[in-house]
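Coordinate-derived values only; no laboratory data. The structure displayed is predicted, hence computed values, not measured ones. As a convention, Cβ positions derive from the backbone with ideal geometry for all residues, glycine included, and neighbour counts pool all protein chains shown.
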Amino acid sequence: MQADEAFDGEVRSHAAHRLQGLGERLLGSLLDRAHWSPPDLVATLIAEEVAYIGGRDVAIYLQDYDQLTLVPLPGDGLEDNGSEAIDGSFAGRAFSSDLPVERPEPDGVRLFLPMLDGSDRVGVLAYSLSAVGAADRQLAGWLAGLVANLIVTKGLYTDHFFLTRRRRPMRLEAEMQWHLLPPLTMETPQVGVAGILEPAYEVGGDSFDYALNGQTLHVAIIDAMGHGLNAAIMATVSVGAYRHARRAGVGLADLYAAMDSAVAEQFGEDTFVTAQMAQLDCGTGRLSWVNAGHHPPLLLRRRRVLGSLNSETTLPVGFGGAAPQISEVQLEPNDRVLLFTDGVIEERMPDGERFGQHRLVDLVGRVSLEELHVQETVRRLSHSLMRERGGATSDDASLFLLEWRRTDSI
């Protein structure tokens, strides 16, 4: 028995060393080759490196801007069998669950691997192997993470990846807003956040921002007056003023003052931006916020909507309102707070009736019962809203969800 155990230990040790060596060779080679490679050739390098470990039929899928479809990245050595719907496909299941998915094939197994840049979804890496073991799965996970990082990094130098993600023309104001945004999601053991903008290709005046500085999560959501390019410019100035003041270390009241002054000076009278700015102490779960003419957020506990976080409000940004009152609430572990812009509830239904907050609360409750993580909750909620309203998008309709988690999970 001891001899058998010793033999098994040697086998496992040999397999572990082989995996480590293979992983170092594969990932190191890919990093070295990609360092000087033009951005549009990175995909080809990836296909060549996957072939080294016996992979074939390599495909890289990137999410389109409205988060409905996974679009194949073009490139020599990459498969392109058309786009895959996020809902209802193997690739989509890997994307929406953030977990690997395997599909048996006559000559092996096809792997669908979520490509995550940190916790932000980039897309899906897919390839086939003749057989799959534990070492293959571990190596595949490492590879998918590296590919995600390469695409994000190389994307700073090219339009190649952005153009792949576009399934139809994008308006100038939408282009400005998308490049203003932080990553759509961030998750840590203490907190998770996710946001989405609709309509993805025409959004103009909505935006959001966040930053995790030490134990403090900073969040802002804004809705600039009007539509089109003017609204996008106001949103850009508002977010810029918010970031500038936040990075100076000022409190919520001074954040409002800085944004208010910037908008008033640049755009004059009769223009405004509604906004909410919040700070979450990730250690205690204490949430503080100010409301500048915005709809109150919803508080969710145990996947049910408890109600709105009502608070005193000051005038929208740009109107020179009084110093805002800072409101506070103590969150419980796993509580969620949903912030949204007015287009979510003020859109008209096909029969002309306003969508209304009561329908939003009902829809949030139904989606929350699925117990999804924050990014998938926001994605499904946004698309459910679109269906419920008959596809109407006369105004921007943006969502931002934050979740405070148990601190003992660290």
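Overall shape: prolate for the stretch 2-164, with the ratio a/c of the largest to smallest alpha carbon gyration tensor axis at 1.5 or above and a/b above b/c.
Could you sort the peptides 399-405, 364-370 by per-residue average Cβ neighbour count (10 Å cutoff), highest mean leading?
399-405, 364-370
Contour minus end-to-end for T216 and D159, with contour as 0.36 nm per residue of separation and end-to-end as the Cα-Cα distance? Gain on extension, T216 to D159, equals 17.1 nm.
When the square roots of the Cα gyration tensor eigenvalues are ordered a ≥ b ≥ c, the ratio a/c for the stretch 138-264 is 1.5 or more and a/b does not exceed b/c, which makes its shape oblate.
Placing pseudo-labels 7 Å out from each Cα toward the beta carbon at D351 and E269 gives an inter-label distance of 4.3 nm. For the chain, complete DSSP H runs whose alpha carbons reach 15 Å or more along their own long axis and whose mean Kyte-Doolittle score is 0.5 or higher are 42-52, 134-154, 252-267. Which residue, P333, L255, P38, has the largest displacement toward the positive end of the dipole of the chain when charges sit on each Cβ (Lys, Arg +1; Asp, Glu -1)? The listed residue farthest towards the positive side: P333. Here the Debye sum runs over all C-alpha atoms of the stretch 141-182 as equal scatterers in vacuum, and log10 of I(q)/I(0) at q = 0.17, 0.23, 0.29, 0.33 Å⁻¹ comes out as -0.58, -0.89, -1.08, -1.13. Rounded to the nearest 20, the Cβ-based charge dipole of the chain about its Cα centre (Lys and Arg +1, Asp and Glu -1) stands at 380 debye. Annotation: the residues M277, M349, sorted from fewest to most other C-beta atoms within 10 Å of their own C-beta, follow the order M349, M277. Taking a virtual spin label 7 Å from the Cα of D254 along the C-beta vector, which residues in the stretch 286-307 bring their backbone nitrogen under 20 Å of it? Taking a point 7 Å out along Cα→Cβ of D254, the residues of the stretch 286-307 whose backbone N falls under 20 Å are 288-292. Highest GNM mean-square fluctuation among S119, S288, S29, for the chain modelled with Cα contacts below 10 Å: S29. Considering the zone a paramagnetic label at E312 would reach in this model (a point 7 Å from Cα along the Cα-to-Cβ line), which residues of the stretch 275-291 have amide N under 14 Å from it? Those under the cut-off are 289-291. Assign one of three labels to the chain, namely rounded, prolate or oblate, based on the Cα gyration tensor with a ≥ b ≥ c the square roots of its eigenvalues; rounded applies when a/c is under 1.5, prolate when it is not and a/b is larger than b/c, and oblate otherwise. Prolate, since a/c reaches 1.5 and a/b exceeds b/c.
Report the FRET efficiency, 1/(1 + (r/R0)^6), for A85 and R247, where r is their Cβ-Cβ distance and R0 is 41 Å, rounded to 0.05. Each step should come with its number before you reach the end.
Numbers: r = 40 Å, r/R0 = 0.98.
According to the calculation, E is roughly 0.55.
Can you compute log10 of I(q)/I(0) for the stretch 170-409 with the Debye formula, treating each Cα as one identical point scatterer, at q = 0.14, 0.16, 0.17 Å⁻¹? Computed log10 I(q)/I(0) values: -0.87, -1.15, -1.31. Going from the residue with the fewest nearby Cβ atoms within 10 Å to the one with the most, T44, T69 rank T44, T69. Extension gain, E48 to L31, is 4.8 nm, computed as 0.36 nm per intervening residue step minus the present C-alpha separation.
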